[in-house]
1. Tell me, which helices (runs of 4 or more DSSP H) lie completely within the range B:32-113 with 3 or more residues that are under 20 Å from B:Gly212 (Cα atoms), in the same structural domain as B:Pro249 (by TED's automatic domain parsing) and not charged (D, E, K, R)?
2. Say we look at the range A:53-91 and pick out the residues that are in contact with a helix residue (DSSP H, G or I) (Cβ under 9 Å, 6 or more places away or on another chain), aliphatic (A, V, I, L, M) and not in a loop (DSSP other than H, G, I, E, B); which of these is surrounded by the most Cβ atoms within 10 Å (Cβ to Cβ)?
3. Can you spot a residue in the range A:167-182 that is surrounded by 22 or more Cβ atoms within 10 Å (Cβ to Cβ), within 14 Å of chain B (Cβ to nearest Cβ) and within 19 Å of the chain's Cα centre (by Cα)?
4. Can you tell me how many residues within the range A:81-127 are more than 21 Å from A:Leu166 (Cα to Cα) and within 9 Å of another protein chain (Cβ to nearest Cβ)?
5. If A:Leu163 satisfies every condition in (1) more than 14 Å from chain B (Cβ to nearest Cβ); (2) crowded, with 19+ Cβ neighbours inside 10 Å; (3) of a type outside the set (Gly, Ala, Ser); (4) part of a helix (DSSP H, G or I) but one, which is the exception?
6. Keeping to the range A:9-45, report how many residues are β-branched (Val, Ile, Thr) and over 23 Å from A:Thr188 (Cβ atoms).
7. Residue by residue through the range A:197-227, note down the ones that are aliphatic (A, V, I, L, M) and over 17 Å from A:Pro39 (Cα atoms).
8. Residues being of a type in the set (Gly, Ala, Ser), more than 30 Å from A:Val156 (Cβ to Cβ) and at pLDDT 90 or above: count how many of those fall in the range B:126-180.
Amino acid sequence: MSTHAIALSGLRKSFGPVEAVAGIDLEIADGEFFSMLGPSGSGKTTVLRMIAGFELPTAGTVSLSGRDVTKLPPYERDVNTVFQDYALFPHLNVIENVEYGLKVRKVARKERRTRAEAALDAVRLGHLKDRRPGAMSGGQRQRVALARALVNRPKVLLLDEPLGALDLKLREQMQVELKQIQRDVGITFVFVTHDQDEALTMSDRVAVFDAGRIAQVGTPEEVYDHPATSFVAGFVGTSNLLSGAAAEQLLGRAGTFSVRPEKITMTAGEPANGVVAEVIYAGPVTRFVVDLDAGARMVVVEQNRRTGTKSLSEMRGKRVRLTWQDEHVIEIGVNHAP
Amino acid sequence: MTRWVLRVVMALGLLFIYVPLLLVLVNSFNGDRTFGWPPHDFTTRWWTAAWNNGGARDALWTSVKAGLGATAIALVLGTMVAFAVQRFKFFGRDTVSLLIVLPIALPGIVTGIALDSAWRSVIEPLGLGKGLFSVIVGHATFCVVTVYNNVLARLRRSGISLEEASADLGARPGQTFRYITFPMIRSALLAGGLLAFALSFDEIIVTTFTAGPGIQTLPIWIFNNLFRPNQAPVVNVVAAVLIVLSVLPVWLAQRVAGPEAGASRT
């Protein structure tokens, strides 16, 4: 592809003495579902706000479809945002909210009504078009915000933790819907989230943010199976880090390694190499915290297929043997990308 | 037990405030020229007399003009300062905020004397003598606060996310102001404006010092006629009108600010 939907280069942003974004280079392809994943304060929202035009970068440039928009105000950029708090206009009803972008761009009344109604139908809210946002549930408001942004047919849709305020069931449902909508409209989605499940489930590619920088960019599989840094390994999924003496003793190699909890097999077999410190029952799975004799603490996840709850609690304090296949040991910081 | 004590105390307090006001209203219909109590005659004679009293009518008209003028100035300046203080960071911002609020706390006599001497030593030599305009300016000094406070509170509560959303959807700054910001602060402007009008309408001290010759607002007219025995019944009527005209904007302002505040919090 010759031009990218979004290209960031050398992007920096300081708020007084605090450097929120400390040098970002990133290219996002047309039609991609791209996630920015990171803990709060890692700079992902600030990057999004610079793409939207709400913040002026301290240094660096923002390009949309090959055009430098770094200094353009938000209303001259072909992007739309779904805000974390939705930011629906409380004095306008649903259809007026959705029409707003068309109205300020002087689209004829008849056409904008038709397009707004189509957008509302697409998010299955056609029957609520006369409601005020104040009289709607969180999930409904979220959909109005989505329709209000999509009706303008932007080249890029920015989503700032749009599912953050929803309960788990609704979140999972909206994840599927968002992905489907993105496939249907075919525009670039940039999705900011601190929820690794969300990022892994929905994205074509994920950028993991750490302290104002991007620690890793890759497909969900790459980021999960081959974390570039121990931060990525720890933030994306649960990770057992082995380093120093423990690594040499268990793996026979020096360095920092990660083994995912679900890749570890726990048996009662001999010779035992650790003791169960904690048993956490979580419905479909159980998490065991095992202190290895070699001096590392490992988390093991097991499916609750055979075990009964009763026998689980008796596991605490038992000596066990942990084994894993060598191919599941990931050396941190070494590029395994195919 | 304590509940009952508190209720009684509250009732006494409210009685103490409102019974005298009620008395004025009742007495304006009292047929007895010396206001004998309890009133045994009902009459609208005083109301007719007041209506036909040229001095009182002129004063009412002057008060309305002064109130509208001061409110207009307060709306423009109060809104502008509220936006400056809430939306921008600049050197001395907190000081500006304090200086805007201060005049409402200053004793009216101080404001009055200060304005009087400023007008005589600075503005009169420029060719603009004291008159209705000086009263309007004097009232505006403390009326700005009500608009400022109302608009500031509204801006603080609503934040800038709606305006960002508007810009994001392609609205230019003028459109954002017209479609989003103005509707957002409209009820705050109305509430602040009504309070400003009420403040101006019953002002007497600052008015005394700033009014030019021949300018008489309603409260001043009452004050001047209070001790003339044959004017007493008419004074009662004018006071009753003043009560209604002062209470009405405050009551409206509360109603305007009330439900809106509840709804926008959702």
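1. On the way: elements: B:45-51, B:54-87, B:93-105.
Passing ranges, in order: B:54-87.
2. Residues of the range A:53-91 that are in contact with a helix residue (DSSP H, G or I) (Cβ under 9 Å, 6 or more places away or on another chain), as a first pass: A:53-57, A:60, A:62, A:64, A:69-70, A:73-75, A:77, A:79-91.
Then drop every residue that is not aliphatic (A, V, I, L, M), which leaves A:56, A:62, A:64, A:69, A:79, A:82, A:87-88.
Those still in the list that are not in a loop (DSSP other than H, G, I, E, B) too: A:62, A:64, A:79, A:82.
Values: A:Val62: 25, A:Leu64: 23, A:Val79: 25, A:Val82: 27.
Step by step, filter the range A:53-91, then rank; the result is A:Val82.
3. No, the conditions are met nowhere in the range A:167-182.
4. 8
5. (4)
6. Residues that pass the stated criteria total 1.
7. Listed by number, the list holds a single entry, A:Met202.
8. Selection size over the range B:126-180: 4.
The values are calculated or read from the model by the stated rules, or taken from the named source; none is laboratory data. Just so we're clear, the structure is a prediction, and the values are computed from it rather than from any experiment. With ideal geometry, Cβ positions are generated from the backbone for all residues, glycine too; neighbour counts draw on all protein chains shown.
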